[in-house]
Amino acid sequence: MDIRIGNGYDVHALAPGLPLWLGGVRIESGLGCVAHSDGDVAIHALCDAILGALALGDIGKHFPDTSDEFKGIDSKILLARVMELVGEMGWKVGNADLTIAMQKPKLAPYIISMRECLAGIMKVDVSQVSVKATTTEKLGFVGRSEGCEVYASVLMIEQSDHL
Ligand code: MG
């Protein structure tokens, strides 16, 4: 059995009047992510961690932000496609751990919904998906609510029953 680890990182700028999506969940907020897609920075970091574990490049390579096909796309579709790709190669997610850095709003009420949503797409138990949130104590661009950043780590496991 082979195992791999991967990490992912993503940042998006925040602007008023845009919907805020994190971990596949719509968050009530006056600020949303500026993006070519729906701006789900948590899913983007997670996709990069999964792709990175298998040295498959990054999300920009697979879903170019210059392509009309991905304009405004629901990032859950991107994660599903990444899972399809790694699944075909015989890999599954062992666990995933995400840290979202955002000054406001408080994300605690949304954490379980994010974990359930991501676990569903990755076809793992919710206990295998961790989502944590932190502020940056008002320091830096996150602290000024100019942007949101997410770090993701995953462990990938080769499926012993693959072919
Ligand atoms: Mg992104």
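The values are calculated or read from the model by the stated rules, or taken from the named source; none is laboratory data. Keep in mind it's a predicted model, so treat the numbers as computed, not measured. As a convention, Cβ positions derive from the backbone with ideal geometry for all residues, glycine included, and neighbour counts pool all protein chains shown. The area values use the complete protein model at the heavy-atom level, side chains included, leaving out ligands, DNA and RNA. Shrake-Rupley method; radii C 1.70, N 1.55, O 1.52, S 1.80 Å.
For the pair LEU56 and THR135, label points projected 7 Å from Cα toward Cβ lie 3.8 nm apart. Once both labels are positioned 7 Å from their Cα atoms along Cα-to-Cβ, the gap between SER67 and VAL126 label points is 3.3 nm. Within the accessible surface of region 55-163, defined with a 1.4 Å probe on protein heavy atoms only, the carbon and sulfur portion equals 53 percent.
Close amide H partners of ALA133, meaning residues 5 or more places away or on another chain with modelled amide H under 5 Å apart, are ILE100. Using R0 = 22 Å, the C-beta based FRET efficiency linking TYR9 and SER160 works out to 0.10.
Largest first and in whole Å, the equivalent-ellipsoid semi-axes of the chain read 26, 17, 13, each the square root of five times a Cα gyration tensor eigenvalue. Which of SER37, SER127, SER67 ends up with the largest GNM mean-square fluctuation for the chain, with Cα atoms connected below 10 Å? Ranking SER37, SER127, SER67 by mean-square fluctuation puts SER67 first. Among MET102, MET122, MET89, the largest mean-square fluctuation in a Gaussian network model of the chain (Cα springs under 10 Å) belongs to MET89.
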